[in-house]
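K.L.:
Okay, handing you the structure first.
Values in this text are rule-based calculations from the coordinates and carry no lab data. Since we're looking at a predicted model, the values are computed, not measured. Note that each Cβ is placed from the backbone with ideal geometry, even for glycine, and that neighbours are counted across all protein chains shown.
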Amino acid sequence: MFVLQVAWSIYENDQGKNNQLEEEATKFVLQLLAKCDNRPSLVRGILDQIRFPNLITVFYVKLISRALFEETDTVVQSLLVRAIMERIKIEKPHPWGLIFVTNQMKQRKKLVHLNLA
C-alpha cells in the first residue's frame, strides 16, 4: 500500500507536473530500497504498479530505469532484475509496464556495475 501511496500523492496534487517533487520521491524510494530490511516485498510492490499506461506506471517505470541504469547499488539492481525475469517467465499475460521495462533492458543491454555471471 505504501508503494502506491508515494506515486499517488505526487500525481494527486499536480498531475505529475512538478518534477522536483517527483525527483524527491524517486530518491526517497531508492534510498528505502537500499536500506530496507524487506527489499523483496518492496520490489514486488513496485512491480505490481507497472500494469497499464497511466501516471503511476510512468513514475515507477522511471524509478526502475533509474535504479537499473543509473544507480550503482548492485543489490537493488539484482533484486529488480531477478523479480522482473521471474514475472516474465511465469506470469502470462504480461502487464504493459513489465513488457516496457524488459524491452528497455534489451535495448540498453547495459546494467551499471551489474555482473550476473
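K.L.:
How large is ³J(HN,Hα), in whole Hz, for each residue of the stretch 53-62 in order, when computed from phi with the Karplus curve 6.51 cos²θ - 1.76 cosθ + 1.60 and θ = phi - 60°, using x for Gly and Pro?
P.N.:
Working through the residues one at a time gives x, 7, 5, 5, 4, 4, 4, 6, 5, 4 Hz.
K.L.:
Using the basic label-point model (7 angstrom from Cα toward the beta carbon), what is the Gln20 to Asp48 distance in nanometres?
P.N.:
Going from the Gln20 label point to the Asp48 one covers 3.3 nm.
K.L.:
Starting from the Cα of Met85, step 7 Å along the direction of its Cβ; do the same at Gln104; then give the gap between the two resulting points in nm.
P.N.:
If labels sit at Met85 and Gln104, their model points lie 1.9 nm apart.
K.L.:
Then there's this: Please sort by residue number the GluC sites (Glu not before Pro) in the stretch 60-110 whose DSSP state is loop and whose Cβ has at most 13 other Cβ atoms within 10 Å. All intermediate terms of the calculation are to be shown ahead of the outcome.
P.N.:
Values: sites: Glu70, Glu71, Glu86, Glu91; in loops: Glu70, Glu71, Glu91.
When the GluC sites (Glu not before Pro) of the stretch 60-110 are filtered for loop state and at most 13 Cβ neighbours within 10 Å, Glu70, Glu91 remain.
K.L.:
Still on this structure, I have one more. Using a 7 Å offset from the Cα along the Cα-to-Cβ direction at both Lys35 and Arg66, what is the distance between the two label points in nm, to one decimal?
P.N.:
In this crude spin-label approximation the distance works out to 1.6 nm.
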